[in-house]
Amino acid sequence: MEFELIAKTFMGLEQVLAQELTQLGANNVQIGRRMVSFTGNQEIMYRANFQLHTAIRILKPIKKFKLAQLMTSIWKSKK
């Protein structure tokens, strides 16, 4: 089963990290600001943690939400 993962890095190393992830076998590699998102299975997650030289940490998102929706629901609950 594949899931989304995020590799955090220092500014300027995003391209190098993306190449490392591609060589590791990660899918859907997308460069962001001081991070690279990718998809992979549990093996890729463990390999990324142990073998990436330019990643600070590997994160596995547990929930996605839009900030505007969250703020609206908080604002409505305080009325």
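Tabulated values for the structure
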| quantity | calculated |
| --- | --- |
| Top of Ala68, Ala55, Ala26 by mean-square fluctuation, Gaussian network on the chain, Cα under 10 Å | Ala68 |
| Heavy-atom surface of segment 1-75, accessible at 1.4 Å and reported per residue (Å²) | 73 Å² |
| Linear extension gain, Lys64 paired with Gln15, 0.36 nm per residue minus alpha-carbon span | 15.2 nm |
| Radius of gyration and Dmax over the Cα atoms of the chain, both given in Å | 15.5, 52 |
| Cut-off under 5 Å, modelled amide H: who pairs with Gly32 long-range | Ser37 |
| Lysine pair count for the chain [Cα-Cα under 25 Å; pairs on different chains or 8 or more apart] | 11 |
| Using θ = phi - 60° and Karplus 6.51 cos²θ - 1.76 cosθ + 1.60, couplings along segment 51-68 (whole Hz; Gly, Pro as x) | 10, 6, 8, 9, 8, 7, 7, 10, 10, 10, x, 10, 7, 10, 7, 9, 4, 4 |
| Segment 28-41 - phi-based ³J(HN,Hα) in whole Hz, Karplus 6.51/-1.76/1.60, Gly and Pro as x | 6, 6, 9, 7, x, 7, 6, 7, 9, 9, 7, 10, x, 8 |
| Estimated distance in nm for a label pair at Arg34 and Tyr46, the labels positioned 7 Å out from Cα along Cα-to-Cβ | 3.1 nm |
| Restricting the chain to chymotrypsin sites (Phe, Trp or Tyr not before Pro) in coil, as DSSP defines it, with at most 13 other Cβ within 10 Å | Phe10, Phe65 |
| The chain: most fluctuating residue of Leu17, Leu67, Leu52 per GNM, C-alpha cutoff 10 Å | Leu67 |
| Equivalent-ellipsoid semi-axes of segment 1-44, from the Cα gyration tensor, Å, largest first | 18, 10, 7 |
| Residue of Gln30, Gln69, Gln15 that the Gaussian network model of the chain assigns the largest fluctuation, springs spanning Cα pairs under 10 Å | Gln69 |
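The values are calculated or read from the model by the stated rules, or taken from the named source; none is laboratory data. As the structure is a computational prediction, the values presented were derived from the model and not from experiment. Counting neighbours? That spans all protein chains shown, and the Cβs are built from the backbone with ideal geometry, glycine included. Heavy atoms of the whole protein, side chains included, go into the accessibility calculation; ligands, DNA and RNA do not. Shrake-Rupley method; radii C 1.70, N 1.55, O 1.52, S 1.80 Å.
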